[in-house]
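Asker: Please see the structure below; I have some questions.
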């Protein structure tokens, strides 16, 4: 199949992009990397009348530290940049750890963090890692810019709190602190396939004891999911075998994956427990 006919515009600023969307009466779509949109258009799952190319907007670029020491990532940051950039590795290491698991190199070279998070695919790595990192998501719209906590951003399957026509501008991520430990992994049938389950863990352990845990799963429900009961089970522990088992057991109250064509929900929950145990074991044995 081929995409239906559409018009194309390449704005020079965010304001021009927002105006173009407003003038299309809701029949427009923004495009940057296009790694999800273009296949959907080819299959006619999406048929916008106007494509608004935002891939060259300087306002959406940049990887830098904010005045408060946090990390600002422009929405056009490529998946490959998340893997390679030293600032991301130092201050948002979960993104760097997750990046190699995203599809294949050709897609990572074109796909953007903004596109991935705005799409809100529950099996995608970066939305879940934004949740684990406590990111704030900056969006622009006709009424100006606003910031949305990642906790509040994901609403349902492929649905976010962004209003029609709003444009994801940047991510603001609290910088990693001394004593923070991060790890990521996922289970898939083949490398590059969608994960059966994936997980990122960020522990604050400045003195060897878990002061705070943030655990986010992907591919276990309609949105990326914080495992808050598992996090609570780890708080105050020295990450020993008993604490790890308690966190694994607590996942039953955090996750409720449904049966689907790939695996039954009970199997996905079992895999989540296995994966969490492996990740916490790695952190416990790290020097």
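What follows is calculated from the coordinates using simple rules that are stated; it is not laboratory data. Here the structure is a predicted model, which is why all the values come from computation and not from measurement. Cβ sites come from the backbone with ideal geometry, for glycine too, and all protein chains shown count toward neighbours.
Asker: Between residue 158 and residue 242, 0.36 nm times their residue separation minus their Cα-Cα distance comes to what?
Answerer: Contour length minus the Cα-Cα distance gives 26.5 nm.
Asker: Could I ask something else about it? Between helix 265-285 and the chain, what is the angle of the helix's C-alpha long axis to the longest principal axis, kept within 0 to 90° and rounded to the nearest 10?
Answerer: 70 degrees
Asker: I've got another one for you. Using only alpha carbon pairs under 8 Å that are at least six residues apart, calculate the relative contact order of the stretch 64-174 and give it in whole percent.
Answerer: 30 percent
Asker: Let me ask something else. For labels at residue 249 and residue 274 in the simple 7 Å Cα→Cβ model, what's the distance in nm?
Answerer: 2.1 nm
Asker: If the viscosity is 0.890 mPa s and the temperature 25 °C, what Stokes-Einstein diffusion coefficient in µm²/s follows for the stretch 58-173 when Rh is the Kirkwood radius over Cα pairs?
Answerer: 175 µm²/s
Asker: Along the three principal axes, how long is the chain when you take its alpha carbons, biggest first, rounded to the nearest angstrom?
Answerer: Taking max minus min along each principal axis of the Cα atoms, the chain gives 59, 47, 32 Å.
Asker: Let me ask something else. Mind giving me the FRET efficiency for residue 147 and residue 53? R0 is 22 Å, r the Cβ-Cβ distance, nearest 0.05 is fine.
Answerer: The formula returns an efficiency of 0.30 here.
Asker: Follow-up question, since we're still on this one. Kirkwood hydrodynamic radius, the stretch 180-285, all distinct C-alpha pairs: what's the number in Å? The partial results should precede the final answer.
Answerer: On the way: mean 1/r = 0.0729 Å⁻¹.
Computed over the stretch 180-285, the radius equals 13.7 Å.
Asker: Would you mind checking the tilt of helix 14-23 against the longest principal axis of the Cα atoms of the chain, expressed as 0 to 90 degrees and rounded to 10?
Answerer: With both axes taken from Cα atoms, the answer is about 60 degrees.
Asker: Between the stretch 219-287 and the stretch 198-218, how far is it from one alpha carbon centroid to the other, in angstrom?
Answerer: 12 Å
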